[in-house]
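Participant: This is the structure I have questions about; it appears just below.
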Amino acid sequence: MFDFPFMLSTVPVLLKAMGTTIWVTLVASIGAALLGFSFEIARRSGRYSGYAMRFVIDFIRSTPILVQIYFFYFVLPQYGVTLPALVIGVFALSLYYSGYLAEVFKAGIDSIPAGQFEAAKSLGLGRLDTTLLIVLPQMLRAVAAPMGNYFVSLLKATPYLAVISVHEMLGTALDIGSETFRYPEPMIAVGIIFLVLALTIAQAVRWLELRLLASLKR
Amino acid sequence: MSFLDVLSVIWSGFGVTAEVTLLSLAYGVPFALIFGILQFTTQGWCRHAATIVIEFWRSSPVIILLFVFYYALPLAGLTLQAMSVAALVLGLNIGGYGSQAVRAALQSLDRGQYEAGMAMGLTRIQTLMLIELPQALKAMVPTFVNLLIQLVKGTALVSLITLADMTYKAKSVAQMTFDPASAYMGLLLSYFIICYPLTILGRSLERRLAVAKEGGHV
Amino acid sequence: MTQEHDAKSDDDAIVQIRNLHKWYGPFHALKNISLDVRRGEKIVICGPSGSGKSTLIRCVNGLERYSEGRILANGHLVDHRSDHLRLICQEVGMVFQHFNLFPHLTVMENCTLALTRVRKIPKAEAIEVAQHFLERVRIPEHGNKYPSQLSGGQQQRVAIARSLCMRPKVMLFDEPTSALDPEMIKEVLEVMTGLAREGMTMLCVTHEMGFAREVADRIVFMDAGAIVEEAPPEEFFGAAKHERSRKFLSQLLH
Ligand SMILES: Nc1ncnc2c1ncn2[C@@H]1O[C@H](COP(=O)(O)OP(=O)(O)OP(=O)(O)O)[C@@H](O)[C@H]1O
Ligand SMILES: [Mg+2]
């Protein structure tokens, strides 16, 4: 039968693992945003690099995150690259979400009026300055909401890392299960914690979004 | 084992991947329509109840939902086959997202359409079925295509609960041949072949819809 | 004698446009345009909508690629393949119809951006320069505001100051007042007139004929991608040679 006290006893262990979940989310979000922005800038920078980046982005978006994680985890060592599972996990999450963020950034950049680029050019601003000082700040305003949604989505993808034995919350719950031969309790506990966490972070992201929009107003 | 052999083993799991996808759609599409419409048309406690159900299914990470239901349902006296659990969880998760597309599409309709329907003496249900839904469905199609891609990619998860889909086959090939590079390359390629046409389709539908919308303003 | 004169006028030309052609696909937007702008000269370009005025002046600072011919700006060939282009942009100022101020930067930041990032001038010095030009366009007090907090006329004057900060050798204007309400047109034209008085070289697309009459050394009338007539204002307004110019003028008046 369902052992409620046992479930409660798993909670502190799981909460400890929440630190990893949150760290992974933060680092991978930043990585995904940087990669995604670079992809989109590269996509715009020329005809052939445009086709190439388009394909890379589409490839990332057309394959499962789970398979991408396996790919990096099992294939890199075959070529002599051995990295900690945590690093591979963070990288895989960053790469996967960069495909989606690139598309978000594309829409954001497309929404900037052509006159802004012309003004920058007529002042003699270089490519890098135009990108960082004119495009980026104006783009952020347009992409704040969808970008926030993808960060929440990324949080919800962190338990995939359990499959390469990263000890975030799901990995920890599975460990408890295999040690005690009781899976339902830690699973339900991790389910509830994750639901609460996801809803909380979604709210927090919405709040940050509003702050960002307020500070980028006008 | 040649790369072609590897691919043929992987594709021997295609039937399971397809079965999970189709069964999930059988759960997800009705769920999306019913709950999206409920959220749109009802008020008060009924709307709250619909929102809670939707939020449960779309705010929890799908991999966690899968494990929770796989391990915990037997405790509630329900012994479902892995296939049924997978279809239920993947379907309702994607259906949760779909319901938001349904609601948003209904909300974005001009209120005049509803008023005209009611003014003609149609009932609320008739207005919904004959006037509002047909128009909203068109706006939902691109989102539904994108969700279908998410679903197909999400089916890779069923390999974790012993179902022998494409991912499962690739994993066993990788273990058997000690050549994870071919196995996972082949697997990425296989999902890409399935999902890429959908990615292209989704994008072109999106573009066509945007053009149609702009045209409507003129 | 004539030889010497020619050499001198060539030397004096700060912008030299020779046999310029521009195609948009099959559409011939500029047809064999030749035009010299001498140092200190003020030229007003006018003509009906779609005649290629914007296209022409956008070619001068490389915003638009031309298909054939040659443009020299301050002695440099305007060429998309060369690295000169950014240099040319620094020497050629441009004011747009819709201002194109950067909405996320303050007025002061709009003005100092190119100074600090392109010219690499220290910030304090850049602020001094910007303040000087903001005074010249008569809005010294709005430096800390954002463009959206200013009226259209004020925004356009900021845009002029932003260009002037780079101390351009020549200023291009593309219908700088046509997005403005009548009461604001005057304040912008006053600033432009002041600039002209101080000897700025100007190449200006505008339909403000009062301004053209008062300030221009030459009026260039374009139609269907070609220069139809080129004349000093007295002559152009008094006795335009071409039927098309006369028709255009009479339409402007009515
Ligand atoms: N990017 C483009 N692609 C195709 N045709 C273009 C493009 N830009 C301009 N044109 C065409 O070139 C012609 C000249 O345009 P231009 O903007 O230079 O006219 P203009 O004289 O400035 O007109 P207006 O007074 O309306 O500003 C027009 O017929 C226009 O349709
Ligand atoms: Mg124009």
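Participant: From A:Leu197, A:Leu174, which residue is more than 26 Å from A:Phe71 (Cα to Cα) and touching a helix residue (DSSP H, G or I) at 6+ places or on another chain (Cβ under 9 Å)?
Facilitator: Working: A:Leu174 fails: more than 26 Å from A:Phe71 (Cα to Cα).
When all the criteria are applied, what remains is A:Leu197.
Participant: Is there a residue being under 14 Å from the mean Cα position of the chain (by Cα) and more than 14 Å from chain A (Cβ to nearest Cβ) anywhere in segment B:49-62?
Facilitator: No: segment B:49-62 contains no residue that is under 14 Å from the mean Cα position of the chain (by Cα) and more than 14 Å from chain A (Cβ to nearest Cβ).
Residue-wise test of (1) closer than 24 Å to A:Ala28 by Cα; (2) within 11 Å of another protein chain (Cβ to nearest Cβ); (3) touching a Leu at 6+ places or on another chain (Cβ under 7 Å); (4) not in a helix (DSSP H, G or I).
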residue	(1), (2), (3), (4)
A:Val143	yes, no, no, no
A:Met147	yes, no, yes, no
A:Lys156	yes, yes, no, no
A:Ala162	yes, yes, yes, no
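Participant: Could you tell me whether segment C:92-99 includes any residue that is within 16 Å of ligand 1 (Cβ to nearest atom) and out of contact with any strand residue (DSSP E or B) (no Cβ under 8 Å at 6 or more places or on another chain)?
Facilitator: Yes.
Participant: Working carefully through the options B:Ala87, B:Ala76, find the one that is more than 22 Å from A:Val152 (Cα to Cα), small (Gly, Ala, Ser) and at pLDDT below 95.
Facilitator: Answer to the check: B:Ala76.
Participant: Name the helices (runs of 4 or more DSSP H) wholly inside segment C:112-207 in which the number of residues that are within 14 Å of another protein chain (Cβ to nearest Cβ) and more than 16 Å from ligand 2 (Cβ to nearest atom) is 2 or more.
Facilitator: Result: C:123-136, C:152-164.
Participant: Next question, about the same structure. Which residue is nearest to the other protein chains (Cβ to nearest Cβ), if the candidates are limited to segment A:34-50 and must be modelled with pLDDT of 95 or more and more than 18 Å from A:Asp110 (Cβ to Cβ)?
Facilitator: Filtering segment A:34-50 for residues that are modelled with pLDDT of 95 or more and more than 18 Å from A:Asp110 (Cβ to Cβ), the one nearest to the other protein chains (Cβ to nearest Cβ) comes out as A:Leu35.
Listed here are the residues, each with its yes/no results for (1) of a type in the set (Lys, Arg); (2) more than 18 Å from the chain's Cα centre (by Cα); (3) within 28 Å of B:Val89 (Cα to Cα); (4) part of a helix (DSSP H, G or I).
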| residue | (1), (2), (3), (4) |
| --- | --- |
| B:Gln126 | no, yes, no, yes |
| B:Ile149 | no, no, yes, yes |
| B:Thr155 | no, no, yes, yes |
| B:Ala164 | no, yes, yes, no |
| B:Ala170 | no, yes, yes, yes |
| B:Ala183 | no, yes, yes, yes |
| B:Leu187 | no, yes, yes, yes |
| B:Ile193 | no, yes, yes, yes |
| B:Arg203 | yes, no, yes, yes |
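Participant: A further question follows. Out of B:Tyr70, B:Tyr97, I need the residue that is within 13 Å of chain A (Cβ to nearest Cβ), in a helix (DSSP H, G or I), aromatic (Phe, Trp, Tyr) and closer than 19 Å to B:Gln150 by Cα. Which one?
Facilitator: B:Tyr97
Participant: On to the next question. Looking at segment C:38-90, which of its residues are of a type in the set (Asp, Glu) and either within 11 Å of ligand 2 (Cβ to nearest atom) or within 29 Å of C:Glu234 (Cα to Cα) (or both)?
Facilitator: C:Glu41, the sole residue that qualifies.
Participant: Okay, moving on. Restricting attention to segment C:107-117, does a residue exist that is of a type outside the set (Phe, Trp, Tyr), touching a residue at least 60 places away in the same chain (Cβ under 8 Å) and surrounded by 21 or more Cβ atoms within 10 Å (Cβ to Cβ)?
Facilitator: Looking for residues that are of a type outside the set (Phe, Trp, Tyr), touching a residue at least 60 places away in the same chain (Cβ under 8 Å) and surrounded by 21 or more Cβ atoms within 10 Å (Cβ to Cβ), one finds none in segment C:107-117, hence no.
Participant: Only residues that are away from chain B (no Cβ under 12 Å) and outside any helix (DSSP H, G or I): list them for segment A:164-187, please.
Facilitator: A:Ser165, A:Val166, A:His167
Participant: Could you please tell me which pairs satisfy a Cβ distance under 7 Å, a separation of 6+ or placement on different chains, a first residue in segment C:45-61 that is within 13 Å of chain A (Cβ to nearest Cβ), and a second residue that is near ligand 2 (Cβ under 9 Å from one of its atoms)?
Facilitator: Short answer, once both residue conditions are applied: C:Ser54/C:Asp174; C:Ser54/C:Val205; C:Ile57/C:Asp174; C:Ile57/C:Val205.
Participant: Please determine, by comparing only the residues of segment C:32-80 that are hydrophobic (A, V, I, L, M, F, W, C) and within 12 Å of ligand 1 (Cβ to nearest atom), which one is nearest to C:Ile17 (Cα to Cα).
Facilitator: Only one residue fits best here, namely C:Ile33.
Participant: Also: Could you count how many residues in segment A:52-63 are part of a helix (DSSP H, G or I), more than 22 Å from A:Val143 (Cα to Cα) and within 14 Å of another protein chain (Cβ to nearest Cβ)?
Facilitator: 2
Participant: Those residues that are in a loop (DSSP other than H, G, I, E, B) and among the polar types (S, T, N, Q), I need them from segment B:109-124; list them, please.
Facilitator: Correct list: B:Thr123 only.
The values are calculated or read from the model by the stated rules, or taken from the named source; none is laboratory data. Note that the coordinates shown come from a computational prediction; the quantities given were computed from them, not determined experimentally. A quick note on method: Cβ atoms are made from the backbone with ideal geometry, for glycine too, and the neighbour counts reach across all protein chains shown.
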